[in-house]
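One structure is given here, and the rest of the page talks about it.
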Amino acid sequence: MSPGPVVEVIVEEAGWETALPEFETVAEAAAIAALRHGGLGSTAVEVAILGCSDDRIAAFNSQFRSKAQPTNVLAWPSLALAPPAPGEPPPAAIPPPDGTLMHLGDVAVALQTTSAEAKAASIPLKDHVAHLILHGCLHLLGFDHQTDLDAARMEGAERHLLNGLGIPDPYERIGAGHPQP
C-alpha cells in the first residue's frame, strides 16, 4: 500500500506565525485536496509549500519570470503536464511504478501580498491562503489559465475544491479575481 502524498511545509517568513498561525495546517489541507482532485490522493507524491515574504517571492519572480516584483503565489511543476487542447483536462501525473516518492513540484506564497489582497477583498486570510495553495497545486497538476477555456476549467476546479474545504466561492465575492501570479 502506498504511503500517500507528502506535503512538506516550510515557513520561512516569521510573520506567518502571527498572521496565520495555522498556515501549515491550511497549506497541507489545500495541497491534499488538490492532489486528490488530480487522482493522487493515495499516491507517493511530494509537494513542497513555502510560506515566504514579498522580498523572497519578488526575487523568485525576477529569477524565473523576469518580473522584478512581488506576487501572491508561484508554482514550479516538476512534470511538464499541460492540457492537450484549450479547455481539456491535463493528463494525469503517472508516478514511478516502483512506488518511489515522486516530487510533483513546489509552491511559494508571499505573506505581505496575500495579506493585502485578503484585506482588500474582505476575505479571511485563511481562505485566501487555501485558495492560493490550491491554485498553485493545480498548476503542478498541469492546470493553467492561459486561455479562457483553461481558466474556466481551473476556476471550476478551485470552486469545487474550496467548497469541499468549507470556503465560500471567491469568484462570487466583489473584487476577488483569478489569482494572477
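The values are calculated or read from the model by the stated rules, or taken from the named source; none is laboratory data. All figures in this text were calculated on a predicted structure; none of them were measured in a lab. Every residue, glycine as well, gets a Cβ built from its backbone with ideal geometry; the counts of neighbours run over all protein chains shown. Please note that ligands, DNA and RNA were not included when accessible areas were found on the heavy atoms of the full protein model with its side chains. Shrake-Rupley method; radii C 1.70, N 1.55, O 1.52, S 1.80 Å.
Residue order by solvent-accessible surface for ASP127, ASP98 is ASP98, ASP127, largest first, with ligands and nucleic acids left out and a 1.4 Å probe.
When the surface is traced with a 1.4 Å probe over the full set of protein chains, LEU149 keeps roughly 110 Å² accessible. The structure-derived value of Cα extents along the principal axes in Å appears in the list [x] 44, 36, 34; [y] 58, 46, 37; [z] 48, 38, 25 under the label [x].
Looking at the chain only, what percent of DSSP beta bridges run antiparallel? Nearest 5 please. Intermediate results must be reported in sequence, preceding the final value.
Numbers: 5 of 19 bridges.
Of all bridge pairs located within the chain, approximately 25 percent are antiparallel.
Computed over protein heavy atoms with a 1.4 angstrom probe, the accessible surface ordering of GLU172, GLU46, largest first, is GLU172, GLU46.
Can you pull the percent of the stretch 73-181's accessible area that's carbon plus sulfur, 1.4 Å probe, other chains left in place?
On the way: 2910 of 5090 Å².
C and S fraction of accessible area: 57 percent.
With all protein chains present and a 1.4 Å probe, how do ILE133, ILE94, ILE32 order by accessible area, largest first?
On the way: ILE133 0, ILE94 135, ILE32 25 Å².
From most accessible down to least: ILE94, ILE32, ILE133.
Computed with a 1.4 Å probe on the full set of protein chains, the accessible area for HIS145 sits at about 30 Å².
Remark: the chain carries 48 Å² of accessible area per residue (probe radius 1.4 Å; ligands, DNA and RNA excluded).
Peptides 161-168, 52-59 ranked from most to least packed, by the mean per-residue count of other Cβ atoms within 10 Å: 52-59, 161-168. Annotation: GLU8 carries an accessible surface of approximately 80 Å², with a 1.4 Å probe and no ligand, DNA or RNA atoms counted.
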